[in-house]
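Peer 1: Take this structure first; my questions come after.
Read-outs throughout are calculated quantities, based only on the coordinates presented, and are distinct from any laboratory measurement. Computed from a predicted model, the values in this text were never measured in an experiment. Heads up, the Cβs are rebuilt from the backbone with ideal geometry, glycines too, and the neighbour counts pull from every protein chain shown.
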Amino acid sequence: MKNIAVVILNWNGKRLLEKFLPSVVKHASLATIYVADNCSSDDSTDFIKKNFPEVKIICHSCNYGYAGGYNKVLNLLEEKYFVLLNSDVEVSPNWLLPMYELMEKEETIGCCQPKIKDYNRKDYFEYAGAAGGFIHKLGYPFCRGRIFNTIEKDTGQYNYNSEIFWASGACLMVRASIFRKAGGFDEDFFAHMEEIDFCWRVKLLNYKIFYCWESTIFHVGGATLSKYNTHKTYLNFRNNFAMLLKNLPKSELLSKVLFRLLLDGVAGLKFLLEKKPGHTWAIIKAHFYCYGHLKKIKGKRKFTAKKIFSLTGTFHDSILWQYFIKGKKKFSEIPNSASLSS
C-alpha cells in the first residue's frame, strides 16, 4: 500500500478541480489521491468519478469547513503521511518526492511545506505560505517572501531547507501519527489560521516544522474568501486571538493579550478611517466571541505551554515597527532574520 495520502478538500469547486486536479493526478504517482467533499451542491463528485476514477472520494454530510472537513476524512485514512492540498493548486513534476525524503530522513520533523509560488505570477511567492511561516511574539504570522501585503519575487534567496514556525495549509505534509497526537485541527476555527495553531501544538510536542525548497507548487489563493470579505477578517482576528489564549504560557498570557487588545483596536480604527466599518465590526465580533467562549478556549490548553521565545521561528522584535515605521518590507531586511530558522 502506498504510504502517502494526498487529500484535497472540496466544496462546490468543480471549476478548480477541472483546472488543477489533472496536474495532481499526473505528478502524484507516489500517493493515493483522495477528494474529501464538504457536501457540495454542484456536480464536483460526478466530474471526478467520470474523469478520474483513480481518485478516491469521501463525502461529508455537511460543510465542516477546512478544520472539520480534514479532521473527519483523515481519521479514516491509514497512510503514514498526509498531504493536505488546496483545490486551487498546480503542482510541479517533482513536488512530492523531496518532502517525502525530508520527512523520512529526519523523524523529529512533524510537518513540512514546499515553496509556494503565485499561480498568476509564477516568479513571485504566494501570500499563503511563501517560503515558510514565522510568527511575531504577539501572534502576527508572516512568511519568508511575504510580510503583511508585501510579496517578494523568487530569485533563489530561500533555496535551502530550514526550520520554520508554521507550514501553510495550502500544502501541508504531516505524519499521520503526529496529526493524531496533536489532536488535529481545532474545528471551532472552521477556517483560517487553523494550520498555525496546529503547528504551534506540534512544536509544543517537541517536533520540528520544516520548509522544503526543492518542492514547488503554484497557488491561486483567495478562491474561497477574498481578502475584502468581512467574514474573512472576522475569522482571522477571532482565530488568531483564540490561538494566543490556547498556546501562550501563563507567564506571557496577560501582557501579550492586553497588548493585542490595543493593537486590534488600532486596526479597527484604521478600517474606520478607510471607510470600511464592516471590517471594524468584524474585529469587535471576533473579540466578543473569544470573551464569550473563554472557558472553552482555555480548556483546549492540552500541552505544556512554552515561552514563545524558546520556539524556533519566533520573531522577538516588533514586526509592526520594522514594517510600518522602519520600512523593512522584506524578510532579509529584518534585523536578525537569519536567526529565526536553523
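Peer 1: Let me check against my output: what whole-number percent is the relative contact order of region 4-219, with C-alpha pairs under 8 Å and at least 6 apart?
Peer 2: 25 percent
Peer 1: Between (1) 21.0; (2) 23.5; (3) 20.4, which matches Kirkwood radius over Cα pairs in Å calculated for the structure shown?
Peer 2: Structure-derived value, by its label: (3).
Peer 1: Also, I was wondering about something else. From the helices alone, meaning DSSP H stretches of at least four residues, give me the mean residue ellipticity at 222 nm for the chain, per-run term -39500 (n - 2.57), in deg cm²/dmol to the nearest 500.
Peer 2: -11000 deg cm²/dmol
Peer 1: With r as the distance between the Cβ atoms of Leu320 and Ile284 and R0 = 22 Å, compute the FRET efficiency 1/(1 + (r/R0)^6) and round to 0.05.
Peer 2: Computed FRET efficiency for Ile284 and Leu320 comes out at 0.60.
Peer 1: In degrees between 0 and 90, to the nearest 10, how far off the longest principal axis of the chain does helix 250-273 point, with axes built from Cα atoms?
Peer 2: Compared with the principal axis, the helix lies near 90 degrees.
Peer 1: Could you give me the ³J(HN,Hα) list for region 20-30, computed from phi with Karplus coefficients 6.51, -1.76, 1.60 and θ = phi - 60°, whole Hz, x at Gly and Pro?
Peer 2: Ordered by residue, 3J(HN,Hα) equals 10, 4, x, 5, 5, 4, 5, 10, 10, 5, 6 Hz.
Peer 1: Straight-line reach from Lys298: which lysines fall under 18 Å, measuring Cα to Cα and dropping same-chain residues less than 8 apart?
Peer 2: Cα-Cα hits under 18 Å: Lys246, Lys250, Lys256, Lys306, Lys307.
Peer 1: While we're here: Would you mind ranking Arg260, Arg180, Arg146 so that the residue whose beta carbon has the fewest other beta carbons within 10 Å leads the list?
Peer 2: Arg180, Arg260, Arg146
Peer 1: To continue, here is another question. For helix 277-292, report the angle its Cα long axis makes with the longest principal axis of the Cα atoms of the chain; keep it between 0 and 90° and round to the nearest 10°.
Peer 2: For 277-292 against the chain, the angle is about 90 degrees.
Peer 1: Looking only at the chain, where both bridge partners belong to it, what percent of the DSSP beta bridges are antiparallel (to the nearest 5)?
Peer 2: Bridges in the chain that DSSP calls antiparallel: roughly 45 percent.
Peer 1: Counting Lys +1, Arg +1, Asp -1, Glu -1, what net charge surrounds Lys153 among other residues with beta carbon under 9 Å of its beta carbon?
Peer 2: Surrounding charge for Lys153 is -2.
Peer 1: Expected output is a single nm value to one decimal: the length gained when fully extending between Thr155 and Lys302, i.e. 0.36 nm times separation in residues minus the C-alpha distance. What is it?
Peer 2: That pair, Thr155 and Lys302, stretches by 48.8 nm at full extension.
Peer 1: Rg(Cα) of region 1-145 divided by 2.2 N^0.38 Å?
Peer 2: Here the Cα radius of gyration is 1.08 times the empirical estimate.
Peer 1: Determine, for each peptide in 320-327, 92-99, 41-48, the mean count of other beta carbons within 10 angstrom over its residues, then list the peptides with the highest first.
Peer 2: Packing proxy ranking, top to bottom: 92-99, 41-48, 320-327.
Peer 1: What FRET efficiency comes out for the pair Leu311/Glu54, r = Cβ-Cβ distance, R0 = 41 Å, nearest 0.05?
Peer 2: Using R0 = 41 Å, I get an efficiency of 0.55.
Peer 1: Please find the FRET efficiency linking Leu272 to Lys330, where r is the Cβ-Cβ separation and R0 is fixed at 35 Å, and quote it to the nearest 0.05.
Peer 2: Computed FRET efficiency for Leu272 and Lys330: 0.75.
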